[in-house]
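Engineer: For reference, the structure I am asking about is given below.
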Amino acid sequence: MAEHRGGPLGSADHRRLALWAAACAEHVLDVTWADERDRRPHAALAAARAWAASGISAGIARQAALAAHAAARGTDGAARAAARAAAHAAATAHMADHCLGAAWYALEAARCAGLGEERERAWQDGQLPDTLGELVLSARALRRV
């Protein structure tokens, strides 16, 4: 059992949060990341999903998160925010609260790309598993994100 800002968190829910964070990041990454040669943000999404499936350790997912943050530093605007969203999705394996960073940076990417921040938030909220909705929304309110 881990702690999340919204309350206690079992390992199954922690893994569901990583999948949700990866979905949030992927939703904007596919539209904003133009550098086909730099796959680090995509690798971070794969790491988040692999960790959620118990295929890799949290340490390996964390390394993928750091690599995606490095990729973000090489760009700006929507692409930077989308790469940071992917990094936070992978970092959710290390600490569940990073799922909120993935969602927030995805919103920032949508805003920078002119995709509609409110529409993106509604999409994100619609992707939340029923069992995690209250947990994520209460954690979001505490962080004011």
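The values are calculated or read from the model by the stated rules, or taken from the named source; none is laboratory data. Computed from a prediction, not measured in an experiment: that's the story for all the values here. Cβ: placed from backbone, ideal geometry, glycine included. Neighbour counts: every protein chain shown.
Engineer: Among the residues of the stretch 124-145, which ones are modelled with pLDDT of 80 or more and buried (at least 18 other Cβ atoms within 10 Å of the Cβ)?
Structural biologist: GLN124, LEU128, LEU132, VAL136
Engineer: Restricting attention to the stretch 112-145, report how many residues are of a type in the set (A, V, I, L, M, F, W, C), over 15 Å from the mean Cα position of the chain (by Cα) and not in a helix (DSSP H, G or I).
Structural biologist: Total satisfying the criteria: 2.
Engineer: ALA106 fails exactly one of the following numbered conditions: (1) of a type outside the set (Asp, Glu); (2) in contact with an Asp or Glu (Cβ under 7 Å, 6 or more places away or on another chain); (3) closer than 22 Å to LEU9 by Cβ; (4) free of Cβ contacts under 8 Å to residues at least 60 places away in the same chain. What is the number of that condition?
Structural biologist: Exception for ALA106: condition (4).
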